[in-house]
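Asker: Below you'll find the structure I mean.
The values are calculated or read from the model by the stated rules, or taken from the named source; none is laboratory data. Just so you know, these numbers come straight off a predicted model, no measurement behind them. Cβ: placed from backbone, ideal geometry, glycine included. Neighbour counts: every protein chain shown.
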Amino acid sequence: MIVHKLPHSSKFLPISHNFRAVFDAVYDFSSNIGFVNIDYPILLLQPETIYFIDTMQTGSNLSSESFNAAIINAPGVTFKKSISGDMVYSAPLYVRNMSENRPITAFMESTKKDEYLLCTCTGKFRQLSDMIGLEFINISMGLQVYAMNSKEYQRDFRNEHNATFTNKKF
């Protein structure tokens, strides 16, 4: 298990968003019908701040059996920066179970003013017999994010490029 030592001055930023797919022949998260699933701003990134994304939790309004059986295309969540367009992860983080709690470790920073972290959810579900009358599928996402603006931490982060700075005391 990798342990990341964060400065005591780190600020915890709990983030949550609900993605919703409305039924229209299928439940399609790629559509913005009635809800924002594409490029939704979840965090205003401050310049001179390093962000550490630790964990992602997901849940759904479907039973575990229906969630897994109804998947046409597994739902995937992507994160990118609004101005630079830089992706935080090289591929979508796929939600393969109705309820998950998984580490998704990533560091990021922005040098741009008024840049947001955007999230997008894609994926399709078929309607099963136990879902008849269900207007929408909801996937709730929570992120554990920490913000660091310790100058020493930032210097070590940039100079060591995340190689040895985790062993320093702040």
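Asker: Is one or more of the residues making up region 90-99 within 20 Å of residue 30 (Cβ to Cβ), surrounded by fewer than 16 Cβ atoms within 10 Å (Cβ to Cβ) and of a type in the set (A, V, I, L, M)?
Answerer: Checked region 90-99: at least one residue is within 20 Å of residue 30 (Cβ to Cβ), surrounded by fewer than 16 Cβ atoms within 10 Å (Cβ to Cβ) and of a type in the set (A, V, I, L, M).
Asker: Residue 38: farther than 19 Å from residue 150 by Cα, surrounded by fewer than 19 Cβ atoms within 10 Å (Cβ to Cβ), of a type outside the set (Asp, Glu) and at pLDDT 95 or above, yes or no?
Answerer: It is false that residue 38 is farther than 19 Å from residue 150 by Cα, surrounded by fewer than 19 Cβ atoms within 10 Å (Cβ to Cβ), of a type outside the set (Asp, Glu) and at pLDDT 95 or above.
Asker: Sticking with this one: If you go through region 132-159 one residue at a time, how many are modelled with pLDDT of 95 or more, over 21 Å from the mean Cα position of the chain (by Cα) and crowded, with 19+ Cβ neighbours inside 10 Å?
Answerer: Residues flagged as modelled with pLDDT of 95 or more, over 21 Å from the mean Cα position of the chain (by Cα) and crowded, with 19+ Cβ neighbours inside 10 Å within region 132-159 amount to 0.
Asker: Another question, if that's okay. For the condition in contact with a strand residue (DSSP E or B) (Cβ under 7 Å, 6 or more places away or on another chain), of a type in the set (Gly, Ala, Ser) and over 23 Å from residue 35 (Cβ atoms), what is the one hit in 106, 74, 91?
Answerer: Working: 74 fails: over 23 Å from residue 35 (Cβ atoms); 91 fails: in contact with a strand residue (DSSP E or B) (Cβ under 7 Å, 6 or more places away or on another chain).
Answer to the selection: 106.
Asker: Taking strands (runs of 3 or more DSSP E) that fall entirely within region 1-81, which contain at least 2 residues that are in contact with a Phe, Trp or Tyr (Cβ under 8 Å, 6 or more places away or on another chain) and among the small types (Gly, Ala, Ser)?
Answerer: The strands (runs of 3 or more DSSP E) meeting that bar are 71-81.
Asker: A further question on this structure: Suppose the filter is at positive phi, within 21 Å of the chain's Cα centre (by Cα) and touching a residue at least 12 places away in the same chain (Cβ under 8 Å); does residue 114 pass it?
Answerer: Values: at positive phi: yes; within 21 Å of the chain's Cα centre (by Cα): yes; touching a residue at least 12 places away in the same chain (Cβ under 8 Å): yes.
The answer is yes for residue 114.
Asker: Report whether or not residue 69 is closer than 17 Å to residue 138 by Cα, in contact (Cβ under 8 Å) with a residue 40 or more places away in the chain and not acidic (Asp, Glu).
Answerer: Yes: the conditions hold for residue 69.
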